[in-house]
Amino acid sequence: MATSKQSMKEDLMVSIQSDKGDGYLIIESKEVSPHKIERFCSAENTIAQSGKTSVSWINEHDRSIRFMPIKEAITADAQNKKKISSNSPFFTSTPQPESNLACFEAGVFLDAAEGSSGTFRHILVSDANLADRSIVTCGIGSDITLIIDQRSTADTAAKRNGYLEAKLDERSTLMIIELQRFNNKVLQSTTINAEVGKMAKLIHIVATIGGGESDSKNNFIITGHGGEVIQRHVTLSSGKEDHKTDTQIIHRSQCGKSDVAVRSVADGNSKIVSHSTVRIETSGQKSVSRVTDHSMMISPGARCESIPSMEILANDVQAGHSASTCQLDLENIFYLQSRGLDEAEAKKQIVTGFLKGIFDEENLPSSSGVVCINELIEDRFETLHHDPLTSGMNRGDFPILNQKINGKPLAYLDNAATTQKPKIVLDVMESYYLKDNANINRGVHTLGERATCQYESARKKVARFINAKPSEIVFVRNATEAINLIAYTLARQKMRVSDRILLTAMEHHSNIVPWQLACAETKAMIDVVDVTTDGQLDPESLRRGLAQSPKIFSFTHVSNVLGTINDAKELTRRGHQAGAIVVVDGAQSAPHMPVDVKDIDCDVFVFSGHKMLGPTGIGVLYMKQGLLNELLPFLGGGGMIKEVSFEKVSFKSGPERFEAGTPDIAGAVGLGAAIDYLETIGMENVKAHNDALLAYAWGKLSSIKQVKLYGPAELSIRAGAISFNLGDIHAHDVSSVLDEEGVEIRAGNHCAMPLMDRMGVASTCRASFHIYNSKRDIDQLIEALKKAIKVFRL
Amino acid sequence: MNEKTDVDAGKEGKQTAQTEDSFPDGVPFESRLMYTEILLDYYRNPRCFGTIENYHVHARDTNPSCGDVIEFFARVNRDKVITDIKFTGKGCAISQAAASMLAEAMMGKNIDEIVKLDKKQMLDMIGIPISMMRLKCALLGMKVLKVGVYQYLGKEVEEDESSTD
């Protein structure tokens, strides 16, 4: 029976008693407070495995956790309807028949048996506030690697507090690898206390890559003869980050070794302070100790302090320390530039080389964890110094992009059809369903109020986004539904026989068919503004169309095929001059550029949420206040009425009168989050990114002689969509070959058959961009097109 | 030679033409499978392409997602044997090549063969893996020809038979 006791905090004792796979984990509290214990091991998240044994649930009575055979644990689990799977936050590569292991959301209890070995990865996935407490005891001769994986892509603020106690018995090795990668809203504090026994070896590797503020304290005590501590710590900071590390190693026994290497790189206005202290007590004769602490500041506002110190009480020791702080060496950068690297790449090479250097030493065992660190550093450097054009904006926020299609990296270039969604949009929608879901404007209960608030707040965001009033914003399913709504209600109330409706030849079917239906009802007639061969509205044709005094002038702000940006303000002015109600289809403009409906002065503006990083199923119809109050409802039902009896009905004023039935509340909330996301980036920046990609793609595509490009060659009047054909090959055939290369584009008639006829083609290929697209995606498209040229022998 | 072996022989001929050596380097392997030499040949030089005056069988249909168009014409003798068959159309390589292969294979056949024709036979005839999104292209020709024959026979096309899903 092996027994180990650990003090987790002064008032709490944890002990692990084990006897070949049947053990107890006992938590004793001086204060009898079950809450205190539950804080450490929440029963809901108790998952454990240890070869033959597994852990059961916390025992309320004696406040102990009992290990039991896995089979029983699963039975208990089934009763509790909980899952034990390999996806559990704790994964062990090699089951340890004689070790005991319990893992909670908030910590690990690992009691490694004598002679056992294995790698354990503790993934702290939770984005919320977290306090984890872990205890590791390494039995005689055991060899354990514990990876504390805290790489998080979440964007939420959180406080994390980690505490690890380790005890290394004779000849055991424990390697602790901490991977810390957070956003700048995370405050992190970690404490590690370890006791290193006779001939035991503790290897502590930390990578602090990002995070708002961190404070780590490490206290390692060498208690046994010949015990060894190796520490490697890299920090890479930017922005206003503030990192502080305090390591203390105490040699209490003879012949101990300690080897500390710290490397810090600070960018922006960040600050990194590291204190490494080695104290060799009088009992620590013949100890060997080395501390090196070097830091580099790569921007004028960054600050680094490296303070190694030694306190030597014994008289027969070998000890030394060195420290330096330096700036990025410009000469080295010039040298690398002279070898053909660009400045960003040169900087990256120097900084990553500086940081990674400390892992190349021979006395460090290789581990996947160290490989991870190298990746982390490179990845972080990319995001620090990345050129959004080279690698895309905020790509990490879009998990879907991180996959392979037919074995090739995904290059998603079909954004005019629909965009991908950032994780924050999904999180907000999930949170709405998990916490606040209720019907809106109906119940008077708390959830009803929360849901209503969120829905109305989304309406306000949409209004602000296009500079309208919230009372002018009607939520619909998509731009198509919005045009149908307006066409139907206008047909019913405003249109007479022989009225003219003016459209353009570059319309999407959704801005043609609803008007045809309206004409079928009213016997009104459609006129079409022609498109010039270079893909712009024909001025003469426009003049003739407006001379017919159309009742309605409906046109697209940006063509989904040609990418042409129409001057909506000028067209609206002329439409109004001709006496028309002006409808603008903003499905392709709202996602890519700043839109101001007051400035445009149109009567109606429509767009879809799913094309602007929002969810499907939600769209927006903006109507000027006067028109909105004048029009009768489109659909009848709940939510849009003031009073109903079988004799008469009165309708609500404002946008609600067009929102019969329960709307897509979660969709609206998601759209609100997408707007927040876009506004954080800034629509001007979104447009600039798209414009730059467009120019890059246009240049590359026009250099391929088999590619025929459509639409204006004047890029300043284009938004981010390019239509093209490859020789005489049908667009679908081209698209099939591109798909094999991981390149997703749209091929077909783009729901604009009249325009296709006008252009004299059956179909085109279309590449369209959004913020996460990069030059790399376009390069991939070009390479794939070159392959298609080979396949089709063009 | 009976009709069955005739079809098989045609298929074999296609397979022998599809040697990997005949593709330029750098062509993705999947594309070698999908856009075979033979398929591209049928697309570039369609057999049985054109129209027929005084036809017995006629139908035309489109595939709205691709914009593929296929129109079939055929003349049939008293024994219900196809004496002349032609198609016209425009669209992607798969739809046009498939229609051309179908026309060629059905020449001289009894129209009952067309009635009996099913999706699997058609895909075997094309002899390349077709992704779900491209199935409509591959089967459009068969659908059109079946509609024409059924109209000629005065039968209603059953829903699932004309479906290209």
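Amide hydrogen proximity for A:Ala411: with H placed 1.01 Å from N in the peptide plane, the residues at 5 or more positions away or on another chain lying under 5 Å are A:Val743, A:Glu744. Amide hydrogen proximity for A:Lys198: with H placed 1.01 Å from N in the peptide plane, the residues at 5 or more positions away or on another chain lying under 5 Å are A:Glu170, A:Arg171, A:Gly224, A:His225.
Exposure proxy check: A:Thr173, A:Thr325 ranked by fewest other beta carbons within 10 Å?
Values: A:Thr173 19, A:Thr325 16.
With the fewest neighbours first, A:Thr173, A:Thr325 line up as A:Thr325, A:Thr173.
Here are some pairs, B:Lys86/B:Lys109; A:Lys700/A:Lys786; A:Lys421/A:Lys460; B:Lys90/B:Lys143; A:Lys469/A:Lys687; which of them have Cα atoms lying more than 18 Å apart in this structure? As for pairs spanning more than 18 Å Cα to Cα, those are A:Lys421/A:Lys460; A:Lys469/A:Lys687.
Quick one: if the Förster radius is 60 Å, what FRET efficiency do A:Leu627 and B:Asp41 give, using the C-beta to C-beta distance and rounding to 0.05?
Numbers: r = 59 Å, r/R0 = 0.99.
For A:Leu627 and B:Asp41, the calculated efficiency is 0.50.
Excluding A:Ile501 itself, what net charge comes from residues whose Cβ is under 9 Å from its Cβ, given Lys and Arg +1 and Asp and Glu -1? Before the final figure, lay out each step's value.
Numbers: positive: A:Arg500, A:Lys551; negative: A:Asp499, A:Asp527.
Charge balance near A:Ile501 sits at 0.
Give me the net charge for the shell around A:Arg303: Cβ to Cβ below 13 angstrom, other residues only, Lys and Arg +1, Asp and Glu -1. Walk me through the numbers before you get to the answer.
On the way: positive: A:Lys240, A:Lys244, A:Lys271; negative: A:Glu241, A:Asp242, A:Asp267, A:Glu305.
Net charge around A:Arg303: -1.
Ranked from largest, the principal axis spans of the Cα set of segment A:195-311 equal 45, 20, 15 Å.
Could you calculate the contour length gain from A:Met525 to A:Arg544, that is, 0.36 nm times the residue separation minus the distance between their Cα atoms, to one decimal place in nm? The partial results should precede the final answer.
Values: separation 19, 0.36 × 19 = 6.84 nm, distance 1.46 nm.
Extra length available between A:Met525 and A:Arg544 comes to 5.4 nm.
So what's the convex hull volume per residue for the Cα atoms of segment A:554-618, in Å³?
Values: hull volume 5.6 nm³, N = 65.
Spelled out: Cα convex hull of segment A:554-618, divided by residues, is 86 Å³.
Averaged over the residues of A:735-746, the number of partner chain Cβ atoms lying within 10 Å of the residue Cβ comes to 3.
Ranked for footprinting exposure by Cβ neighbours inside 10 Å, fewest first, A:His233, A:His592, A:His445 give A:His445, A:His233, A:His592. The packing ranking of peptides A:403-415, A:260-272, highest mean first, is A:260-272, A:403-415, where packing means the average number of other beta carbon atoms within 10 angstrom of each residue.
Taking a ≥ b ≥ c as the square roots of the eigenvalues of the Cα gyration tensor, segment B:31-143 is prolate, since a/c reaches 1.5 or more and a/b is larger than b/c. Taking the average, over residues, of other Cβ atoms within 10 Å as the packing measure, peptides A:756-763, A:532-539, A:620-627 rank A:620-627, A:756-763, A:532-539 from highest down.
Quick one: divide the alpha-carbon radius of gyration of segment A:717-794 by 2.2 N^0.38 Å and tell me what you get. It would help to have the intermediate numbers written out before the result.
Values: Rg = 12.6 Å, N = 78, 2.2 N^0.38 = 11.5 Å.
Here the answer is 1.10, to two decimals.
Close amide-amide hydrogen proximity is noted between A:Val529 and A:Leu503, A:Thr504, A:Ala505, each under 5 Å apart and 5 or more residues distant or on a separate chain (H modeled in the peptide plane; Pro and chain starts excluded).
What FRET efficiency, computed as 1/(1 + (r/R0)^6) with R0 = 56 Å and r the Cβ-Cβ distance, is obtained for A:Ile704 and A:Thr282, rounded to the nearest 0.05? Intermediate results must be reported in sequence, preceding the final value.
On the way: r = 78 Å, r/R0 = 1.39.
About 0.10, to the nearest 0.05.
The ranking of A:Glu178, A:Glu744, A:Glu311 by Cβ neighbour count inside 10 Å, starting from the fewest, reads A:Glu311, A:Glu744, A:Glu178.
Placing pseudo-labels 7 Å out from each Cα toward the beta carbon at A:Ser189 and A:Ser650 gives an inter-label distance of 6.1 nm. Taken one residue at a time, the phi angles of segment A:290-304 give Karplus couplings (6.51, -1.76, 1.60, θ = phi - 60°) of 9, 10, 10, 9, 10, 9, 10, 10, 10, 8, x, x, 7, 9, 10 Hz. Gly and Pro are set to x. Our note on the geometry: Cα centres of segment A:249-324 and segment A:488-541, 77 Å apart.
Computed over neighbours whose Cβ is under 11 Å from that of A:Gly720, the net charge equals +2, Lys and Arg +1, Asp and Glu -1. Cut-off 15 Å, label point 7 angstrom out along Cα-to-Cβ of A:Asn219: give me the residues of segment A:237-278 whose amide nitrogen falls inside. Taking a point 7 Å out along Cα→Cβ of A:Asn219, the residues of segment A:237-278 whose backbone N falls under 15 Å are A:246-252, A:277-278.
For segment A:483-629, the calculated P(r) over all alpha carbon pairs, in 5 Å bins from 0 to the bin holding the longest distance, is 2, 10, 21, 24, 23, 14, 6, 2, 0 percent.
All of the numbers you see were taken from the coordinates with simple rules; none came from a lab. A quick note: this is a predicted structure, and the numbers were derived from the prediction, not measured. Positions of Cβ are backbone-derived with ideal geometry, glycine not excepted, and every protein chain shown enters the neighbour counts.
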